[in-house]
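Single-structure report; data block below.
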Amino acid sequence: MSGSTFGTLFTVTTFGESHGPALGAIVDGCPPGLALADADVQADLEARRTGQSRYTSQRREPDRVRILSGVFEGLTTGTPIALLVENTDARARDYERSRDLFRPGHADYTYLHKYGRRDHRGGGRASARTTVAIVAAGAIARKYLRGRLGIEVTGYLSGIGPYDLECVDLPAARRNPFWCPDPGRVPELEKYIDQLRRQGDSIGARVTVIGRGVPPGLGEPMFDRLDADIAGAMMGIQAARAVEIGDGVAVARQKGSEHRDELTPSGFLSNHSGGTLGGISTGQDLIVHVAFKPTSSIRIPARTIDAAGRPGTIVTTGRHDPCVGLRAPPIAEAMLLLVLMDHWLRHRAQCGEVVAPLPDIMKGQRAGPARGRNA
């Protein structure tokens, strides 16, 4: 299968299936000398792990990571880093009744037409379970970018079904099962998800990711635009259906006098562009929104066909999320981290000795609040 490798200088190749023996990643291009241990990666995997609340899939995987190569005496060597996470709670039997049926909204039909066969056990490579490898690789990028450049990447749930969530307390998002940045609204979200579970249905969601401390100059003005690579990476997450940078689709209703981010000697006055201009980072916060579809694995019967093209009905059993967006923030964080890590290394290689004649006007504001849509 091609298409399993991401990046140019900092590359990540993932492997494994939802109900196979293990998943993992080969990370190549990490600079030598970075202090790295299993615990550094484990922290991010814990944020993504299922079975930690009744509002997500009850598949209980410990997601213990092992670093198999690329680290010696506690430091990266510059050689490929192999990461391995074993599956210990796979239940392929849950999918036996539907092995010959195509699940509506899943990749069963398209996989069969592309490869001539498919892994019916939870979708195989199409399963969101495979994002464990992305999160593990993203943890390496996080440690490097945080330690070398002071970059912080944080995600949260900014919308679910009919609820729009304002970013009242960003750190609080990591302390509740909804990744909700407005703790006061958690009870109503609990009630809403419980109602969906009783109905056997699911719901879509919107996740926002903010990258703070990003220096100006990352990205290219044409085909390797920073915003384009971010959008492509986010669309690589299972169930992602739309990506917005900054104000996103709202720009269609804005006037030029409203949207343009005016400059002063002390910095930009707004951030409607989401931290990029002409495909290159401005030094402002990167603001990315990702919309996730409702999971199609639900108990409500649906019409379908079998492998012979005959009509049928399917009810999806097994352990599934009523809202995949509830576990998406750490995955979206990892994707943004991987893009930033790759672009930083590319920028350093080509323009590392460039000194701009104009000072970085946002340097003093890097830790300040993001100003833009739902930031």
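Observations, loosely collected:
- Coil-residue GluC sites (Glu not before Pro) of the range 68-153, DSSP, other Cβ within 10 Å capped at 13: 73
- Exceedance of the 25 Å cut-off in Cα-Cα distance is limited, within the set 255/293; 143/363; 143/293, to 255/293; 143/293.
- In sequence order, calculated HN-Hα J values of the range 217-223 (Karplus, 6.51, -1.76, 1.60; Hz; x Gly/Pro): x, 7, x, 10, x, 10, 7
- In range of the label at residue 88: residues from the range 123-139 whose backbone nitrogen is under 19 Å from the point 7 Å along Cα→Cβ: 129-133, 136
- The range 256-352: trypsin sites (Lys or Arg not before Pro) in DSSP loop, at most 15 other beta carbons within 10 Å: 260, 299
- Volume per residue of the C-alpha convex hull in the range 5-365, rounded to whole Å³: 152
- Virtual spin-label span in nm between residue 198 and residue 242, 7 Å along Cα→Cβ: 3.0
- Proxy reagent accessibility, fewest Cβ within 10 Å first, across 293, 255, 143: 255, 293, 143
- Each of 43, 313, 181 was placed along the dipole of the range 5-365 (beta-carbon charges, centred on the mean Cα), and the one lying farthest toward the positive end is 313.
- For the chain, built as a Gaussian network whose Cα springs stay under 10 Å, the top-fluctuating residue of 24, 219, 236: 236
- Placing +1 on each Lys and Arg Cβ and -1 on each Asp and Glu Cβ, with no other charges, gives the chain a dipole about its Cα centre of roughly 1120 debye.
Computed from the coordinates by the stated procedures, all read-outs in this text should not be read as laboratory data. Since the model is a prediction, treat every value here as computed from it, not as a measurement. Cβ sites come from the backbone with ideal geometry, for glycine too, and all protein chains shown count toward neighbours.
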